[in-house]
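Asks: Starting off with a structure, shown below.
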Amino acid sequence: MRQAGRYLPEFRETRAAQDFFATCRSPKLCCELTLQPLRRFPLDAAIIFSDILVVPQALGMEVVMVPGKGPTFPEPLKEVEDLLKLRQKVDVTAELGYVFQAVTLTRHSLEGKVPLIGFSGAPWTLMSYMIEGGGSTTMAKAKSWLYRHPEASHRLLRLLTGVVTDYLVGQVAAGAQALQLFESHAGHLGPEQFQEFALPYIRDIARDVKSKLKAEALPLVPMIIFAKDAHYALRDLAQAGYEVVGLDWTIQPQEARAQVGKGVTLQGNLDPCALYAPKEKIGELVKKMLESFGTQRYIANLGHGLYPDMNPEHVGAFVEAVHAHSRHINKHG
């Protein structure tokens, strides 16, 4: 589950002392925030505490976290000429070395108990933030670029693809044992736009990361793609070069499996808001989810991130139910 432990009181306490992105730049704090949920719950993996918007920062853009509003770009990309302000060559070790240090420190601290997952935002999602200047319900500014400036859009998406590729490879070199790519804004695109402006770059990242890992004699770690609300593209995503396809909560497990076939692992997909339910109900929902997915080529998870006001005990109930029902199904299934 992403978003580390923002639902935990100890997370809020650790974070209160300083600015969000200053926290991201502190390997020690990132390590601590990554480990906090594991001290409470028997989770099967850790995901490094960071943020997808460190990539636009590496390109030279300013991003600030505004309380109550979220991430904000004081100077978003408005015109095609603004692309010239971006670094065309990014040394990821110089710009994002703090993430690599956090990965290494966390990997050592985990002492092999569970694997560590690294991640990045995918190009279209990053581009949409860079143009919108923050979150948006319509992504109208970013989408207008796709229609008005398709060549410039591809230029930006190619630039982001190169940086994301190097960033992911760097995380593996630092000790990450799996990688996740978040195309969180996929749902704002229709099938045609997704085919043109998102999918090719998602594919390129899988291919280029794998070839660079091979060239650098680094482990070929499993890669997970999560494209939120992109049901129309599940077949394509299953063939995009990733070992795992993450699902949000708006698709039936059987329908997803029918589309992706048996060769890909699925991850998901309980509605995060289900954790507001009483614990017994959470158990029932988890049981239904596991029975729908089956235990082969499946990673139980939520269909998106956790919200800050969620009760940690209910998160615990979810994790406990997954383990209990998995054991039961594997024994009797």
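Asks: In the Gaussian network model of the chain, springs joining C-alpha atoms below 10 Å, which of HIS314, HIS231, HIS149 carries the largest mean-square fluctuation?
Replies: Of HIS314, HIS231, HIS149, the most mobile in the Gaussian network model is HIS149.
Asks: Estimate the FRET efficiency between TYR147 and ILE299 by the formula 1/(1 + (r/R0)^6), using the beta-carbon distance for r and 41 Å for R0, to the nearest 0.05.
Replies: For TYR147 and ILE299, the calculated efficiency is 0.65.
Asks: While we're on this one: Please give the calculated 222 nm ellipticity per residue for the chain, where each DSSP H segment of at least 4 residues contributes -39500 (n - 2.57) and the sum is spread over every residue; nearest 500 deg cm²/dmol? Mind showing how you got there, number by number?
Replies: On the way: 14 runs with 168 residues, N = 333.
The per-residue figure over the chain is -15500 deg cm²/dmol.
Asks: So, one more: Who wins for biggest fluctuation among GLU196, GLU79, GLU132 in a Gaussian network model of the chain, springs between alpha carbons below 10 Å?
Replies: Ranking GLU196, GLU79, GLU132 by mean-square fluctuation puts GLU79 first.
Asks: Shape call for the stretch 66-118 from the C-alpha gyration tensor, a ≥ b ≥ c root eigenvalues: rounded (a/c under 1.5), prolate (a/b greater than b/c) or oblate?
Replies: On the way: a/c = 3.92, a/b = 1.88, b/c = 2.08.
Oblate, since a/c reaches 1.5 and b/c is not below a/b.
Asks: Next question, about the same structure. Multiply the residue gap between GLU62 and ALA215 by 0.36 nm, knock off their C-alpha separation, and tell me the result in nm, one decimal place. Each step should come with its number before you reach the end.
Replies: Details: separation 153, 0.36 × 153 = 55.08 nm, distance 3.32 nm.
Separation in residues times 0.36 nm, less the Cα-Cα distance, equals 51.8 nm.
Asks: Helix 312-332 sits at what angle to the longest principal axis of the chain, using alpha carbons and giving 0 to 90 degrees rounded to 10?
Replies: Between the helix axis and the principal axis of the chain, the angle is about 60 degrees.
Asks: I've got another one for you. With θ taken as phi - 60° and the coefficients 6.51, -1.76 and 1.60, list the Karplus ³J(HN,Hα) couplings across the stretch 198-207 in order, rounded to whole Hz; mark glycine and proline as x.
Replies: Values, residue by residue: 10, 4, x, 7, 4, 5, 4, 5, 4, 5 Hz.
Asks: Relative to the longest principal axis of the C-alpha atoms of the chain, give the angle of the C-alpha long axis of helix 123-132, reported between 0 and 90° and rounded to the nearest 10°.
Replies: For helix 123-132, the angle is close to 60 degrees.
Asks: Something else about it: How far is it, in nm, from the label point at ALA277 to the one at ARG207 when both lie 7 Å from their Cα along the line to the Cβ?
Replies: Computed distance between label sites ALA277 and ARG207 equals 4.2 nm.
Asks: Put a dot 7 Å past each Cα toward the Cβ at ILE329 and SER109; how far apart are the dots in nm?
Replies: Result for the modelled spin labels: 3.2 nm.
Asks: Starting from 0.36 nm per residue, how many nanometres of slack lie between GLU79 and ARG235 once their C-alpha separation is accounted for? Can you show the working numbers first?
Replies: Numbers: separation 156, 0.36 × 156 = 56.16 nm, distance 3.48 nm.
The span from GLU79 to ARG235 would gain 52.7 nm if fully extended.
Asks: Between GLN88 and GLN252, what length comes free when the chain is fully extended (0.36 nm per residue of separation minus the Cα-Cα distance, one decimal in nm)?
Replies: On the way: separation 164, 0.36 × 164 = 59.04 nm, distance 4.19 nm.
Taking GLN88 through GLN252 to full extension adds about 54.8 nm, to one decimal.
Asks: Among the lysines, select those whose C-alpha is under 19 Å from the C-alpha of LYS89, and discard any that sit fewer than 8 residues away in the same chain.
Replies: LYS212
Asks: Put one equal scatterer on each alpha carbon of the chain, apply the Debye formula with no solvent term, and list log10 I(q)/I(0) at q = 0.07, 0.10, 0.12 1/Å to two decimals.
Replies: Debye curve over Cα of the chain, log10 I(q)/I(0) at q = 0.07, 0.10, 0.12 Å⁻¹: -0.27, -0.57, -0.85.
Asks: Which percent of the accessible area of the stretch 1-155 is formed by carbon and sulfur heavy atoms (probe 1.4 angstrom)? Present the calculation step by step, with values, prior to reporting the outcome.
Replies: Working: 3880 of 7270 Å².
Carbon plus sulfur share of accessible area: 53 percent.
Asks: Pick out which of THR138, THR34, THR104 has the largest mean-square fluctuation in a Gaussian network model of the chain, springs linking Cα atoms closer than 10 Å.
Replies: For the chain, modelled as a Gaussian network with Cα springs under 10 Å, the answer is THR138.
Asks: Kindly report the accessible area of the chain per residue (heavy atoms of protein chains, probe 1.4 Å, no ligands, DNA or RNA), in Å². Write down the numbers at each step before the final one.
Replies: Numbers: 14920 Å² over 333 residues.
Value returned for the chain: 45 Å² of accessible area per residue.
Asks: Could you name the lysines in cross-link range of LYS228, using Cα to Cα under 17 Å and dropping any fewer than eight places away on the same chain?
Replies: Filter leaves LYS143.
Asks: Separate question: Note the angle between two axes, namely the Cα long axis of helix 150-174 and the longest principal axis of the Cα atoms of the chain, as a number of degrees from 0 to 90, rounded to the nearest 10.
Replies: Helix 150-174 sits roughly 50 degrees off the main axis of the chain.
Asks: Could you list log10 I(q)/I(0) for the stretch 204-286 at q = 0.15, 0.17 Å⁻¹, which the Debye formula gives when each Cα is one point scatterer?
Replies: -0.64, -0.75
Asks: Another one. Please sort 106-119, 161-174, 81-94 by packing, taking for each peptide the average over its residues of neighbouring beta carbons within 10 angstrom, highest first. Display every interim value, and only then the final one.
Replies: Numbers: 106-119: 17.4, 161-174: 22.4, 81-94: 13.1.
Per-residue mean Cβ counts within 10 Å order the peptides as 161-174, 106-119, 81-94.
Asks: If r is the Cβ-Cβ distance from GLU291 to GLN195 and R0 is 30 Å, what FRET efficiency results, to the nearest 0.05? Walk me through the numbers on the way to the answer.
Replies: Working: r = 34 Å, r/R0 = 1.12.
Computed FRET efficiency for GLU291 and GLN195 comes out at 0.35.
Asks: Take ALA16 and LEU43, extend 7 Å from each Cα along the Cα→Cβ direction, and tell me the distance between the two endpoints in nm.
Replies: Here the modelled spin labels are 2.2 nm apart.
The values are calculated or read from the model by the stated rules, or taken from the named source; none is laboratory data. Note that the structure is a prediction, hence the values are computed from the model and not measured. Virtual Cβ from ideal backbone geometry, glycine too; neighbours counted across all protein chains shown. In case anyone asks, the SASA skips ligands and DNA or RNA and just uses the protein heavy atoms, side chains included. Shrake-Rupley method; radii C 1.70, N 1.55, O 1.52, S 1.80 Å.
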